[in-house]
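Structure first, then comments.
Quick note: the coordinates plus some simple rules give every number you see, no bench work behind them. As the structure is a prediction and not an experimental result, all values here were calculated from the model. Note that we place each Cβ from the backbone using ideal geometry, even for glycine, and neighbour counts take in every protein chain shown.
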Amino acid sequence: MSTILAWTSDACLLVGSFLLLTGALGFLRFNDFYARIHACGVTETLATALIILGLLLQSDSATPQFKLALILLFVLFSSPTASHALAKAAWNAGLRPRDNSGKRGIPLPPRER
Amino acid sequence: MLSQLPVLPVLLPLIGAPACALLRRPTLAWVFACLVAVLAFLCTVSLFTTTWQEGVQTYALGGWPSPWGIEYRIDLLNALVLLVVSGIGAAILLASRASVWQEIGETRRGLFYVACLLCLAGLLGIAATGDAFNLFVFLEISSLSTYALVAMGPDRRALLAAYNYLIMGTIGATFILIGIGFLYMLTGTLSMADLGERLPAMGESRTAFAAYAFIVVGVCLKLALFPLHLWLPGAYTRAPSIVTVFLAATSTKVALYVLIRFTYSVFHLEFSQLAQALDTVFIALGVIAVFAGSLVAIFEADLKRGLAYSSVAQIGFMVIGLGIGTVEGLQASLIHLFNHALMKGALFLALAAFILRVGSSNFSSLRGIGRRMPLATAAFVLAGISLIGIPGTAGFISKWYLVLAAAAQQQWILLGLILAGSLLTAVYIWRFVETAYAEPEGDSVIQRNEAPLGMLLVIVLLALLNLYFGFDSRLPVETAGGAAQALLGGDAS
Amino acid sequence: MLTLTVIVILGVMLVALLRAYTSPNVFDRILAANLFGTKTVLLIATISYLLGSPAYLDIALAYALINFISVIGVLRLTELRNARRDQEAEKP
Amino acid sequence: MEVLIDIVLLSLLVATAVALVMVRGLIASIMLTSVYGLLSASFFVTMGAVDVAFTEAAVGAGVSPLLLLFTVAVIGRKERAPEGGAVLVKSLLLVVVTGALLIVGTLDMPPFGSPDAPAQTHVAPYYLQQSGAEIGIPNVVTSVLASYRAYDTLGEVLVIFTAGVAVILILASSSHRGSARLRNATVPDGSPHTILQVVGKILIPFILLFAFYVQFHGEYGPGGGFQAGVIFASGVILYGLLFGLPTVCRVLPPPVMEVLAALGVLIFGLTGVMSLLNGAPFLDYSVLADDPVTAQHIGIMVIELGVGITVASVITAIYYAFANQLEPGPN
Amino acid sequence: MDVFSYFNYWVVVVLMMLGFFIVIARGNLVKKLIGLNIFQTSVFILYISIGNVSGGAAPILEEGVALYSNPLPHVLILTAIVVGIATTAVGLALVVRIHAAYDSVEESEILAQDEPC
């Protein structure tokens, strides 16, 4: 029984780390801010959830598991909000998204004032 | 009950400050602050007499013995500095009403007195504590409240002066923290008495040397010794006049106490072969401070800034006393610490009265002040004479012991420099006397408009104290002698 | 396995720092700081397991709760700036 | 393994500091400062300094970037002008001299992490061995903080109180609308933050609850008065950011905050005075109850409460003072 | 192992000098406070490195654990962190008032405004 638990936790940690790396690569390489914010979003939600799940399976006593579950709950609440707030701030400051070729002229609905 | 005495002087303003914040009306806050300051002064007087009779008073805070808990070790040096700081603090708070009501806005007077009590508590805490880190914490309390007090000055340059003082003060405090960190790393303890025992056993380790260097630079920043004094003129000139009186008479004295405590009680530098090099550095810096401060004070258009530079010069005299390195030199320095607080207290308080009536402190607007405010000007002149060191005043006593200490070491050049410094002081005091009693142009009849009674009483009291300690100088001389003996005891054998 | 995760998290932090330093756009730097924050939560949680003492999880919990306040502060800051700029624009 | 993390974190710290020296924009500097705080908190975790990491986390993430952001919001995001060559040379010289003095200092230092260094063998063992018996709480840092060196903590609470008084003194006068009066000007924020307000409504109760947990959990795990106060204050600041200053001023009016700050310090001080009146030295809790160990528990609990109240109300009062400068209300 | 035994202290020295450099060399008043913050944080790292015992657990008493890190520097640094945040708050309040009075936060511009009057 415990070997399956150990194995799944290692698998979770591995996949989580892999997602972290891809997200970081995305953050490094994308040329548009909104694409980068999406890449970070991936690392903040899925990768974090997997890694915390991996840790959860490794711990033995109950209190750390409960604390880890709480951390997961709060991270799932706060990181998407933070990304939303950041995107809104960027949008308010007039930063407009670019398509792949780098032009900014994507037709968008006028800002409702 | 007597055993609680060492902690009371610090505890009263410590608990008094938040209590004073609860009082909403400014006059109530002023009365409460004066009450707390006077009570603290009475406690220091009784503490002083007990230390005088029974020797060192120890007090373990929280009931834990010394190296584990924090301990107060009050010896003659602590008692002297506590007496000076709480005495001047009580006197200034009593005299502060009129000047504060004129310079500080209505909504901020209550909190002004809270900040004054906090500054008093911080300074008394530094002077009384026997624990190195506790000294750093109380140093921060007094500095933070001083930044706020300086920033409340009338014109906008007070803000910049307070900001510069904050940056320099925090760098100084962090240097002291680095020094204490190195000391803790070497010995594992924080109580100064324990450090004093364990450090000499460490031998000449370079970390101990670096620790001492950091602590000296940090304390000299607070002391405003010559190369590190750049914040002092701006802060003293731009602060509200009552704050300048309080700072000039107390905060540099406490910094000098910290320097003496670390040099002689913790590092015992009188034994190490570094002592010779250190003494020459102190003497050199002291002499430069005396001449630089006095020369700038002579040509200063604003009396308040002139007196600030004169403070830099007087600190130079105290550090010269320290630099001579003998028991007499240390005694002379401590006597000057005591007398300088009285002199500068009277001078700046009289100046505060002038600013209260005339509105500005530059020489042109002070013409003929002698007729408008005869008593206050007389007190100013008396304190000025004491600053020069004319026989019969307290200033003479400190100059006399300084000259004796220099003569005992056959340092004739130093003796000449000290006398020359006093002459320079005479120049800028005489410059004030000239303008004060000179003929004001135009309106010949001047109505007498004396300083308010409360303020006038304290000014005259401080001036008379200058006279009293000129004749009956037993108190400062014997206390300083006892303290110097205790610190450099081994050397005098 | 835990050490691998720690190394990856530190690597991501380094990438975020590099990106924060090179990109001219302020919002990239804020995004990097935000990324740093969430990764610190993970780092502290993993280290506490590596060192075998669960006492550190409170710190990770505190970070998880408090981390996004500075991003909201930046949002309000840009808003106030736009409001002030509009006020200037309306005034002649 | 631990050494590797320690070295990587320290080099990241140095990289952030170098980046901070080079970077120009103010908001970028603030972000790098919060990254610096995060890294130092992680470093403290690897060093086993649990309470310090907690305080650095709460202060570094909750309070200092926000105060910096408020200041930058008031003064505007101007880039820094490049400074002259002379200043550069002078400061480089000064830095090199201090650096040399520091390096001289490190030459005779006992090696890092050695268990028989003087620091670990003189005073510290007493705390580790005796505090279990004398004070009976597992978290030795809290027992040293609250009982052996309680006077330091009282000085500490006074430093926070002084900072609150100083900020109110400095900022209160310039805002011609006194901080006491409720501010009716709503912030013209255009689109309301519905998403943020909804999430805020969910998270803020947990932040405040967590603050109380930290407050009363101080004896057994990392936590205590300072950390609880800072977390509580960052919860209030978050509420203020999301729902606007007038609403938060109605919930926690500024004059109440100033009175609470003074009360917190008095709670701490008067516990000490009570032991003074019973003839024991100041801040000696063993006289507060018949059995000395329970007396220590009571003493530590009460002063931690005093610390928590003071820190929370002072940081909230500082937030009000700064936010008052910011409201572009109809002034 | 002993190659890294002084690594912590070298980093402390480097960080201290970087913070000190920012405080002196930069003219912007907010940047000076940030430099001051770094300068103080490097002192915290010095203290914690003094108290660290390699292999020692966090100073929370548990059965079965013999070796603990030294709790005293942790207490000192708790106080120092709060002192640092207090100084930063007062400094920032002063910067806000200076900006209101001089309409600038660059030391060079402020001093220029002061000279004539």
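Odds and ends about this structure:
- Toward the positive end of the charge dipole of the protein assembly as shown, with +1 on the Cβ of Lys and Arg and -1 on the Cβ of Asp and Glu, the farthest Cα among B:Pro67, C:Asn34, B:Ala79 is that of C:Asn34.
- Charge-dipole axis of the protein assembly as shown as Lys and Arg at +1 and Asp and Glu at -1 on Cβ define it, positive-most pick from B:Ala376, B:Ser241, B:Asn362: B:Asn362
- Here the sum of -39500 (n - 2.57) over DSSP H runs of 4 or more residues, divided by the residues of chain D, equals -23500 deg cm²/dmol at 222 nm, to the nearest 500.
- Virtual spin-label span in nm between B:Tyr437 and B:Thr107, 7 Å along Cα→Cβ: 4.8
- Here the Gaussian network model covers chain D, with springs between Cα atoms less than 10 Å apart; of D:Gly223, D:Gly200, D:Gly25, D:Gly25 fluctuates the most.
- Top of D:Glu304, D:Glu219, D:Glu156 by mean-square fluctuation, Gaussian network on chain D, Cα under 10 Å: D:Glu156
- Under 11 Å from the B:Ile413 label point (7 Å along Cα→beta-carbon), backbone N, region B:273-291: B:284
- Between D:Val251 and A:Tyr34, the distance separating the two model label sites (each 7 Å from Cα on the Cα→Cβ line) works out to 3.3 nm.
- Protection proxy ranking of D:98-111, E:47-60 - average other beta-carbon atoms within 10 Å, highest first: E:47-60, D:98-111
- Net lengthening on full extension, B:Arg371/B:Ala201 (0.36 nm per residue, minus Cα-Cα): 54.8 nm
- Averaged over the residues of peptide D:92-101, the number of Cβ atoms from other protein chains lying within 10 Å of each residue's Cβ is 5.
- For the peptide B:197-205, the mean number of other protein chain Cβ atoms found within 10 angstrom of a residue's Cβ is 1.
- Peptide B:19-29 has a mean of 2 when you count, residue by residue, the C-beta atoms of other protein chains within 10 Å of its C-beta.
- Our helix-only sum for chain B, with -39,500 (n - 2.57) per DSSP H run of n ≥ 4 divided by its residues, gives a mean residue ellipticity at 222 nm of -25500 deg cm²/dmol.
- In Hz, Karplus ³J(HN,Hα) per residue of region B:194-207 (6.51, -1.76, 1.60; θ = phi - 60°; x = Gly, Pro): 5, 4, x, 6, 7, 5, x, 5, 6, x, 8, 7, 5, 5
- Over 31 Å between alpha carbons, listed pairs B:Lys304/E:Lys32; C:Lys39/E:Lys31; A:Lys67/E:Lys32; B:Lys344/D:Lys90: A:Lys67/E:Lys32; B:Lys344/D:Lys90
- Value of [θ]222 nm, deg cm²/dmol, for chain E, DSSP H segments ≥ 4, -39500 (n - 2.57) each, nearest 500: -24000 deg cm²/dmol
- R0 of 35 Å, Cβ-Cβ distance C:Ala83-B:Ser360: FRET efficiency to nearest 0.05: 0.25
- Counted by neighbouring Cβ atoms within 10 Å, the residues E:Lys31, A:Lys88 run from fewest to most as A:Lys88, E:Lys31.
- Computed FRET value (nearest 0.05) for A:Thr8 with D:Ser114, which takes r as the C-beta separation and R₀ as 51 Å: 0.80
- Highest-MSF residue in chain D out of D:Ala233, D:Ala312, D:Ala280 [GNM, Cα springs under 10 Å]: D:Ala280
- Per-residue packing, averaged as other Cβ atoms within 10 Å, sorts the ranges E:33-44, D:44-55, B:472-483 into the order D:44-55, E:33-44, B:472-483, beginning with the highest.
- Set of aspartates and glutamates near B:Lys222 by C-alpha distance (under 17 Å), chain-local residues within fewer than 8 positions excluded: B:Glu140
- Separation between Cα centres of region C:1-52 and region B:364-421, rounded to whole Å: 65
- Take every Cα pair under 8 Å whose residues are at least 6 apart in sequence, average their separation, divide by the length of chain B, and the relative contact order is 14 percent.
- Residues A:Asp32, C:Asp28 in ascending order of nearby Cβ atoms (within 10 Å, fewest first): A:Asp32, C:Asp28.
- For the protein assembly as shown: rounded, prolate or oblate by the Cα gyration tensor [a/c cutoff 1.5]: prolate
- Take the Cα of D:Val3, step 7 Å toward its Cβ, do the same at B:Tyr468, and the gap between the two points is 6.8 nm.
- Ranked by how many other beta carbons lie within 10 Å on average, peptides B:146-155, B:126-135 from highest: B:126-135, B:146-155
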